[in-house]
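Worksheet: one structure, shown below.
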Amino acid sequence: MSSTTGGDSAPTAGAAVRLGFTPGMVIQELGWDEDTDDGLRLEIEDAIDADMVDGDHGNVVDAVLLWWRDDDGDLVDALVDALTDLVGGGVIWLFTPKVGRPNAVDAADISEAAPIAGLSQTTTASVSSEWAATRLVAPKSAH
């Protein structure tokens with residue numbers, strides 16, 4: 001079953017697994033608003049077998065899910081803030097409205113903001129009928 005509409009039989013089916021979310025992971029969710037995809041959020045929580053934590057978690061997290069829209073402000077600042085609790089080697093998944101949807105984020109804006117925030121953009125995937133996800137990682141350093 002899917003709470004989305006469209007030609008795909010279940011656009012969000014398997015999205016959490018494709019994003020690498022597994023049981024026991026601690027996922028921090030930032031940027032939630034009324035327009036986020038609740039079906040996708042539930043799928044992620046099912047995949048990690050827990051609730052996602054918010055910005056007040058106060059401990060390290062395995063990944064950050066950042067919902068971001070074109071009118072949300074400064075993307076570089078948001079990405080730097082998202083790094084605060086992220087464990088070394090962790091991933092930021094930047095969820096943005098798909099091209100053509102209200103408040104879609106220009107791909108060039110992500111490409112410009114990521115390196116300024118100290119991140120590398122690796123892949124982009126469709127995760128629902130309305131949202132796309134971009135995987136951002138901190139480059140490996142010689143600690």
Treating only Lys and Arg (+1) and Asp and Glu (-1) as charged, each at its beta carbon, one finds that the chain has a dipole about its Cα centre, in Debye to the nearest 20, of 740
P(r) over all Cα-Cα pairs of the range 23-78, 10 Å bins from 0 to the longest distance, whole percent per bin, short to long, reads 22, 52, 25, 1
Semi-axes a, b, c in Å (a largest) for the chain, each sqrt of 5 times a Cα gyration tensor eigenvalue, come to 23, 19, 13
Ranked output for segments 118-127, 19-28 by mean other Cβ atoms within 10 Å, highest leading, reads 19-28, 118-127
Simple spin-label estimate for residue 126/residue 103, 7 Å along Cα→Cβ, in nm, reads 2.2
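Where a number appears in this text, it was derived from the coordinates with a stated rule and is not lab data. Being a predicted model, the structure only gives us computed values, none of them experimental. Virtual Cβ from ideal backbone geometry, glycine too; neighbours counted across all protein chains shown.
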